[in-house]
1. If each of B:L142 and B:A23 carries a label point 7 Å out from its Cα toward its Cβ, how far apart are those two points in nm?
2. Once label points are set 7 Å from the Cα along Cα→Cβ at both A:V139 and A:T67, what is their separation, rounded to one decimal in nm?
3. Given contacts defined as C-alpha pairs under 8 Å and at least six residues apart, what's the relative contact order of chain B, whole-number percent?
4. Please report how far the C-alpha centroid of region A:70-89 lies from that of region A:10-41, rounded to the nearest whole angstrom.
5. Can you give the FRET efficiency for A:D27 and A:F147, using 1/(1 + (r/R0)^6), R0 = 45 Å, r = Cβ-Cβ distance, to the nearest 0.05?
6. Quote the charge dipole size of region B:6-136 about the Cα centre in Debye, to the nearest 20; the model charges only the Cβ of Lys and Arg (+1) and of Asp and Glu (-1).
7. Pull out the extension gain between A:R44 and A:E10, defined as 0.36 nm times the separation in residues minus the alpha carbon to alpha carbon distance; nm, one decimal.
8. As a test, work out the antiparallel percent of DSSP beta bridges whose residues both lie in the protein assembly as shown, rounded to the nearest 5.
Amino acid sequence: MDQEVLAGVEKSDLAQIRDLDIDDVIDYVHADLKRLPDYLDLYRRYLRQRWDVYELDFSQDIRDWNTAMTQSERDAFVAISSGFHHGERQVEVELPVFMLGGSEESKIFMSSQIEDEARHTIFFDRFYREVVGLPGESVQEVLDASFHHVSETFVGPFGLLAYLADELRRDPEDPVSRVRYGTTYFLWIEGVLALSVMKITLTYCRNRGFLPGYYAGFTATCRDEARHVQFGMRFLRDSVAEDPRLLREIHETLRTILTINGATSRRIALESLGWSPEEVRRLMIRQLSMKLNDVGIALPPDLQQMVARIEPELAGG
Amino acid sequence: MIFFSTDWAEAVRGAVDAGPDDALRATKLETYWGWIDQARADYGESWALGRCKPDGHTDYLLLRWERGHCVAATVTATPSEATYVLSADAQTWHDLLAGEDTGRIVMYRRLRLERGEVLSFFRIIYFFVESVAAIGRVPATLDA
């Protein structure tokens, strides 16, 4: 990876971030996975990289949406983005319970991630309200208005996260509950689903030259995800190092996630955005494999076979 | 039928056992229903779905599955034999009967898992969600 490019990703402000290539930002997510910064390093990075969601200008996005994009492009874009809109809300409300346990350094970093997720929820609220034109006085009303775009299978990973959050709430320090939650959230939802949606929608925007406000905000969101994923992978790696029996919990959680990944209820016209289902499938497998390899989590043969059969699934948070 | 009555429970049993009709199946990809068919094929657990009442008591609809068929549905005050115990307040049940999306009810934790292994429970989640949606489509009178 080009260190100069990575430094550009690291230091760009919101005005500069629209010039970044999403592939470079995704490389940035993985750049530190082998080394894995500690939690306070990530917190310091948060303070440097925090951005103001209300500084985004959607005026060109509104013109692109209404006059340049085709109906099938808009339909596919909304179908994919709605999973993220609701995903951000879901992780924003489910994350505080994870902050109740762990080290003080972990809690401090978690406070920054909760703020990130709230900001990302507002990003989508603004996009849906101002660009897509969904009605709603409140954040909840805009969520309600976009919900019918959300696939039936969204409840798989995000319902699982909600129920694991309930399990964790009973004992926030329980290592098994924390690792199950961490595998679902940091590895799958953020590390695989979110990064895949980012790659698809941002590549579309960049290739077509559309939606500059969305591109800037979602690229900044992707850079935020780098900190979240690196926190999560460090948490999983350290958990297994401390108690190798927890590897079984990562495996069991992945078995559940990959079992429910096999269901697809709606066909999204990915081709409208320049992607085929097979390309999305390969992208998801690559996202998962890179993280598992980098933090040294090996999979037994049955899970390797399940990974090879991953179905395209588009949501995030 | 009165909600949480014996007659209603038997109607629910028939509805969840029958699964989706052709019209409903046509609204989602066949692969989705295929996944559900596979998940329920040998299913043999039981679910207790609780209704928390304003007086603090909870009654349960107990659904027992054997080899993919719902073989019994009873209303009981104790969910002792159920593999999975979940509960919701009266407003959630009201909303379910009014057509609220079942997946969203789960996602917003309005129907909470009180007992049972979370990972095992989620390995059949779409079968569960569609079954609860079928319960919501059984006509019932709430103010009994």
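Read the figures in this text as sums done on the coordinates, not as results from a lab. Because the structure is predicted, anything quoted here is derived from the model rather than measured. Positions of Cβ are backbone-derived with ideal geometry, glycine not excepted, and every protein chain shown enters the neighbour counts.
1. 2.3 nm
2. Computed distance between label sites A:V139 and A:T67 equals 3.4 nm.
3. 30 percent
4. Comparing the Cα centres of region A:70-89 and region A:10-41, I get a distance of 24 Å.
5. The pair A:D27/A:F147 has a calculated efficiency of 0.85.
6. In debye, rounded to 20, region B:6-136 gives about 340.
7. That works out to 11.0 nm of additional length.
8. Taking every DSSP beta bridge with both residues in the protein assembly as shown, the antiparallel ones total about 70 percent.
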